[in-house]
Amino acid sequence: MAKVPLRKYNSEIEALIERGQTDEAIAHCRHVLTIFTKHLETYRLLGKAFLESKRYPDATDIFNRVLMAVPDDFVSHVGLSIIADDQKRLDDSIWHMERAFEK
């Protein structure tokens with residue numbers, strides 16, 4: 001089994017998401033999370049992969065988990081804003097986008 005630094009592995013997962021290979025990215029994220037059960041960056045990537053594949057309930061669940069650990073997480077708030085916008089829940093979309101850019 002090849003040893004790859006986690007940071008590099010996550011970069012490769014992000015590249016999969018950008019290329020639209022979301023099912024593969026999801027599988028890799030789940031694999032990482034079996035070993036590193038609390039790795040927030042991998043959770044973010046998993047949420048992004050679910051978002052890109054329009055699996056909104058799964059993406060919402062993951063982004064909310066990240067927000068429980070990091071309440072001002074930019075990626076999670078933007079992701080939830082995109083989901084709310086797509087579902088025509090404009091007030092929720094605006095609220096999450098405002099949280100994303102607060103500081």
- Message: Not counting ligands, DNA or RNA, and with a 1.4 Å probe, what is Phe74's accessible surface area in Å² rounded to the nearest 10?
- Response: 100 Å²
- Task: Go through His96, His77 and list them by solvent-accessible area, largest first, probe radius 1.4 Å.
- Result: His96, His77
- Probe 1.4 Å, all protein chains present, accessible-area order of Lys54, Lys38, largest first: Lys38, Lys54
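The values are calculated or read from the model by the stated rules, or taken from the named source; none is laboratory data. Small disclaimer: the values here were computed from a predicted structure and weren't measured. Please note that ligands, DNA and RNA were not included when accessible areas were found on the heavy atoms of the full protein model with its side chains. Shrake-Rupley method; radii C 1.70, N 1.55, O 1.52, S 1.80 Å.
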